[in-house]
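These notes are about the structure you will find just below.
The values are calculated or read from the model by the stated rules, or taken from the named source; none is laboratory data. On a predicted model such as this, the values are computed, not experimentally measured, just so you know. Cβ placement follows ideal geometry from the backbone for every residue including glycine, while neighbour counts extend to all protein chains displayed. These accessible areas exclude ligands, DNA and RNA; they are computed on the full protein's heavy atoms, side chains included. Shrake-Rupley method; radii C 1.70, N 1.55, O 1.52, S 1.80 Å.
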Amino acid sequence: RHVGQPPPPRANKRCREACISAMMGPSLGPVNLFGEGSQEAKGEQARMSSIVGALAIADLVKTSLGPKGMDKILQSHSRGGSVSVTNDGATILKSVLIDNPAAKVLIDISKVQDDEVGDGTTSVCVLAGELLRQAAELIEKKMHPQVVIGGYRLPRGAALKALRAAAI
């Protein structure tokens, strides 16, 4: 066999069988990936639970936005139960412990905004939350998620074009 040529088909089959048996373990039964008390969600249920979690984060910081924004009382469990009061969205988002993947994305968006610009952390979180809220409404009306994504990409292209034209 020369370098760069694929192995013969039989070798691929043997390799696949060896990998599968290694993954299955000595019992040849399925491996349980979930811990005790965990739940599995699929399809529409998983999508909607992710959206609901992200919307909860957006709604949490939305009330702290602007000159009439409300303060939040944060209590730390790791620092002896210390209490702090803030209306800073970045501080609130750093303090929240989240296991929802979509909510983590909102928190990451906020961190990137803080690192790159230093301001607007709450605004980007609220904006992304509102885009998700509108997407959820369309999905509930049985519009396919890929169609919704395509609908968001059209104005994104127009916005990027306008920003490039306005750039100095």
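Right, residue 149: farther than 25 Å from residue 49 by Cβ, open to solvent by 60 Å² or more (accessible area, probe 1.4 Å) and at pLDDT below 95 or not? It would help to see each step written out before you state the result.
Numbers: farther than 25 Å from residue 49 by Cβ: no; open to solvent by 60 Å² or more (accessible area, probe 1.4 Å): yes; at pLDDT below 95: yes.
No; evaluated as a whole, the condition is false for this residue.
Out of curiosity, is residue 45 closer than 30 Å to residue 144 by Cβ and over 15 Å from the mean Cα position of the chain (by Cα)?
Numbers: closer than 30 Å to residue 144 by Cβ: yes; over 15 Å from the mean Cα position of the chain (by Cα): yes.
Here the answer is yes, as residue 45 does meet what is asked.
What's the number of the condition residue 34 fails, among (1) exposed (fewer than 14 other Cβ atoms within 10 Å of the Cβ); (2) touching an Asp or Glu at 6+ places or on another chain (Cβ under 7 Å); (3) closer than 30 Å to residue 146 by Cα; (4) at pLDDT 85 or above?
Every condition holds for residue 34 apart from (4).
If you scan the stretch 120-168, which residues turn out to be part of a helix (DSSP H, G or I), farther than 17 Å from residue 60 by Cβ and among the β-branched types (Val, Ile, Thr)?
Passing the criteria: 139, 147, 148, 149.
Which one of these is free of Cβ contacts under 8 Å to residues at least 24 places away in the same chain, surrounded by 11 or more Cβ atoms within 10 Å (Cβ to Cβ) and out of contact with any Phe, Trp or Tyr (no Cβ under 9 Å at 6 or more places or on another chain): 138, 154, 131? Spell out how you get there, then give the answer.
On the way: 154 fails: surrounded by 11 or more Cβ atoms within 10 Å (Cβ to Cβ); 131 fails: out of contact with any Phe, Trp or Tyr (no Cβ under 9 Å at 6 or more places or on another chain).
None of the other options fit; the residue is 138.
Among 22, 46, 56, which is at pLDDT 85 or above and at negative phi? Break it down into steps so the answer makes sense when it comes.
Working: 22 fails: at pLDDT 85 or above; 46 fails: at pLDDT 85 or above.
Answer to the check: 56.
When you go through (1) at pLDDT below 85; (2) open to solvent by less than 50 Å² (accessible area, probe 1.4 Å); (3) of a type in the set (A, V, I, L, M) one by one for residue 73, which number turns out not to apply?
Going through the list (1) at pLDDT below 85; (2) open to solvent by less than 50 Å² (accessible area, probe 1.4 Å); (3) of a type in the set (A, V, I, L, M), residue 73 breaks only (2).
Looking at the structure I just gave you, is residue 160 more than 20 Å from the chain's Cα centre (by Cα) and either among the hydrophobic types (A, V, I, L, M, F, W, C) or open to solvent by less than 80 Å² (accessible area, probe 1.4 Å) (or both)? Break it down into steps so the answer makes sense when it comes.
On the way: more than 20 Å from the chain's Cα centre (by Cα): yes; either among the hydrophobic types (A, V, I, L, M, F, W, C) or open to solvent by less than 80 Å² (accessible area, probe 1.4 Å) (or both): yes.
Considered against the rule, which asks whether it is more than 20 Å from the chain's Cα centre (by Cα) and either among the hydrophobic types (A, V, I, L, M, F, W, C) or open to solvent by less than 80 Å² (accessible area, probe 1.4 Å) (or both), residue 160 comes out as yes.
Starting from residues that are free of Cβ contacts under 8 Å to residues at least 24 places away in the same chain and outside any loop (DSSP other than H, G, I, E, B), keep the ones in the stretch 81-106 and report whichever is least open to solvent (accessible area, probe 1.4 Å).
Per the criteria, the residue is 86.
Within the group 64, 123, 78, which residue is more than 16 Å from the chain's Cα centre (by Cα) and surrounded by fewer than 14 Cβ atoms within 10 Å (Cβ to Cβ)?
Numbers: 64 fails: surrounded by fewer than 14 Cβ atoms within 10 Å (Cβ to Cβ); 123 fails: surrounded by fewer than 14 Cβ atoms within 10 Å (Cβ to Cβ).
That would be 78, the only listed residue that is more than 16 Å from the chain's Cα centre (by Cα) and surrounded by fewer than 14 Cβ atoms within 10 Å (Cβ to Cβ).
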